[in-house]
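The values are calculated or read from the model by the stated rules, or taken from the named source; none is laboratory data. Source: prediction; values computed, not measured. In this analysis, Cβ positions are derived from the backbone assuming ideal geometry, glycine residues included, and neighbour counts consider all displayed protein chains.
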Amino acid sequence: MSVKLALLKSGEVLISDIKELVDENKVVGYLFNKPKKVDMSTPMFLSEESSNQTSVEVSLSSWFMITDDEEFAIPKDWIVTVMNPVDRILAMYEKYTAGESEND
């Protein structure tokens, strides 16, 4: 399994087990297995003192809630970049997808 983060042209960030789709030795797209949308927000803290602390709240949700499909082929030109998630996000994804398997 190769779990990665992907930034799409739409601005969405997905985390998924991603595999390359190859045609004649050329990458034409990617196969996303159990993709989850990564939502990030920066909480605002009001204080009289200036603080350089930055925190980000992260949540995962189903990418397409109106289907039971677990695999999606996404054309290469819709992917802006693919990157490795930090350990905490990877652990969240693994826990989320493991919970789905138990509910089946």
Kindly indicate whether any position in region 2-14 is farther than 15 Å from TRP78 by Cα, β-branched (Val, Ile, Thr) and surrounded by 12 or more Cβ atoms within 10 Å (Cβ to Cβ). yes
Residue hits (region 63-100; free of Cβ contacts under 8 Å to residues at least 60 places away in the same chain, closer than 15 Å to ASP17 by Cβ and assigned to a loop (DSSP other than H, G, I, E, B)) are TRP63, ASP69, GLU70
Restricting the search to region 20-50, which residues are of a type in the set (Phe, Trp, Tyr) and at pLDDT 95 or above? TYR30, PHE32
Here are SER55, SER59: which of them is in contact (Cβ under 8 Å) with a residue 12 or more places away in the chain and in a loop (DSSP other than H, G, I, E, B)? SER55
Could you say whether any residue in region 2-11 is modelled with pLDDT of 95 or more and charged (D, E, K, R)? yes
Yes or no: ASP17 modelled with pLDDT under 95 and among the acidic types (Asp, Glu)? no
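So that you can scan it fast, the table gives a plain yes or no per residue for (1) at pLDDT 75 or above; (2) more than 16 Å from LEU5 (Cα to Cα); (3) under 14 Å from the mean Cα position of the chain (by Cα):
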{"site": "GLN53", "(1), (2), (3)": "no, yes, no"}
{"site": "THR67", "(1), (2), (3)": "yes, yes, no"}
{"site": "VAL86", "(1), (2), (3)": "yes, no, yes"}
{"site": "TYR93", "(1), (2), (3)": "yes, no, yes"}
{"site": "GLY99", "(1), (2), (3)": "yes, yes, no"}
